[in-house]
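The values are calculated or read from the model by the stated rules, or taken from the named source; none is laboratory data. If you're wondering where the values come from, they're calculated on a predicted model, not measured in any experiment. Don't worry about glycine lacking a Cβ; one is built from the backbone with ideal geometry, like all the others, and counts go over all protein chains shown.
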Amino acid sequence: MKMLRITAEGIPLFKEKLDVCFYTQQRMSEDDKESLYKMEGNYYLHPTCAFIGINAAGKTSVLKTINLALSIVKNEPINHAEAKNILGGTERATICIYFYDNRKYICCLETTIASKKAKTGDFVYSIISERLWEKSIASVKSKKYLTDFSGIEPIAFRNSKEAYLSDDVSFIIAHNKNTNDTVEVFSLLSYTNVNILPVTDDIPLEVIAFLDPTIEKLCFEQTEGKTFIHLKFRGEDEIVLNNSVDLEQYLSSGTIKGIITFSMVKEVLQSGGYLLIDEIENHFNKAIVTSLMRFFMDSRLNSKGGTLIFTTHYPELLDEYDRNDGIYIVKKRNGITVENLSYLLKRNDIKKSDAYQSGYLAGTTPAYEAYIGLKKKLAASID
């Protein structure tokens with residue numbers, strides 16, 4: 001199952017409808033195809049999607065909305081979903097998920113969610129209506145109509161009287177079962193500022209060497225219900241720990257995050273799934289981040305179409321893209337807005353980081369008035 005597009009309306013933090021496309025929208029050259037995933041015919045998907053904006057623009061909220069949509073199509077109960085709080089007690093939110101299944105059909109799942117307040121004060125969410133459309137990809141005349149279902153009747157509706165379907169689980173569960181289709185999702189949203197290495201049986205030596213070449217050994221040993229961590233640096237004695245929290249004394253936060261991240265990368269590349277990372281540059285230097293992006297952009301390495309979806313503050317990362325349509329600009333203007341860079345910057349040959357930092361795109365750099373105000377405040381406090 002491959003995501004083509006996700007739209008969301010009615011989520012309180014957003015000023016307008018969120019619309020994210022995972023397929024290419026601009027024209028393609030033969031060189032472009034080397035860094036894209038071929039879905040079918042002349043339809044290609046982006047192996048990496050970047051969301052960039054200044055602090056507090058709403059990038060994390062965008063990532064949470066995408067994560068929630070993926071949870072729905074993956075049959076997870078909404079009330080147990082990692083990103084459920086993005087719904088924020090909405091009266092009514094509608095999420096449309098367009099995907100390509102293993103029958104070579106394009107499907108559209110429309111899920112409408114409502115909330116009510118529990119006695120505990122928390123919101124409880126339920127699905128109040130759902131519809132499902134489908135069409136053969138062979139019937140699509142051009143990319144313009146890939147996710148257009150105008151004039152097509154839904155093939156299924158949610159039955160509110162279905163006894164065996166929880167009211168916060170999508171009825172797409174039946175479709176996925178009948179087509180033997182699924183989607184693998186790996187999220188690092190909860191690891192943005194957490195650096196505790198989970199117990200694992202396998203930490204590839206290649207990953208360790210890439211992140212910190214001074215480490216000769218790092219492994220977990222389970223003995224009589226206890227976990228021991230063996231760590232050895234080059235030229236030093238082996239250290240044995242019994243708590244992964246203690247690793248922070250010996251390993252950098254970048255090494256710990258890197259081990260977690262690259263372990264997930266392996267899973268995503270194997271399954272053709274999705275990896276979501278908030279603030280990808282946190283604890284990493286630029287070389288590690290660009291290497292991560294290039295793994296996904298390598299069509300030979302990423303032959304199953306794994307997708308990296310990330311947020312960043314760093315415009316330099318945008319220059320890794322040859323195209324503009326895999327990049328989204330996030331701004332906050334009385335609510336979160338998200339725009340595809342290809343709509344704002346028509347030419348691919350303009351250096352993306354320069355366009356972003358120059359203020360040419362508007363709203364991508366801190367306001368000059370805010371800068372002057374901060375400068376005056378600092379000057380006054382120093383005097």
Only one of L189, L241 is of a type in the set (A, V, I, L, M) and not assigned by TED's automatic domain parsing to the domain that holds G305, namely L241
Does N75 satisfy the condition of being part of a loop (DSSP other than H, G, I, E, B) and under 21 Å from the mean Cα position of the chain (by Cα)? yes
Any residue at all in the stretch 28-47 that is within 14 Å of the chain's Cα centre (by Cα), surrounded by 15 or more Cβ atoms within 10 Å (Cβ to Cβ), touching a residue at least 60 places away in the same chain (Cβ under 8 Å) and part of a strand (DSSP E or B)? no
Every residue from the stretch 68-82 that is touching a helix residue (DSSP H, G or I) at 6+ places or on another chain (Cβ under 8 Å) and surrounded by fewer than 22 Cβ atoms within 10 Å (Cβ to Cβ): S71, N75, A81, E82
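With respect to T112, determine if the residue is of a type outside the set (D, E), surrounded by 13 or more Cβ atoms within 10 Å (Cβ to Cβ) and within 21 Å of the chain's Cα centre (by Cα).
no
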Only residues that are buried (at least 20 other Cβ atoms within 10 Å of the Cβ) and on the phi > 0 side of the Ramachandran plot: list them for the stretch 54-67, please. G58
Filtering the stretch 309-319 down to residues that are outside any loop (DSSP other than H, G, I, E, B) and touching a residue at least 60 places away in the same chain (Cβ under 8 Å), which residue is farthest from the chain's Cα centre (by Cα)? P315
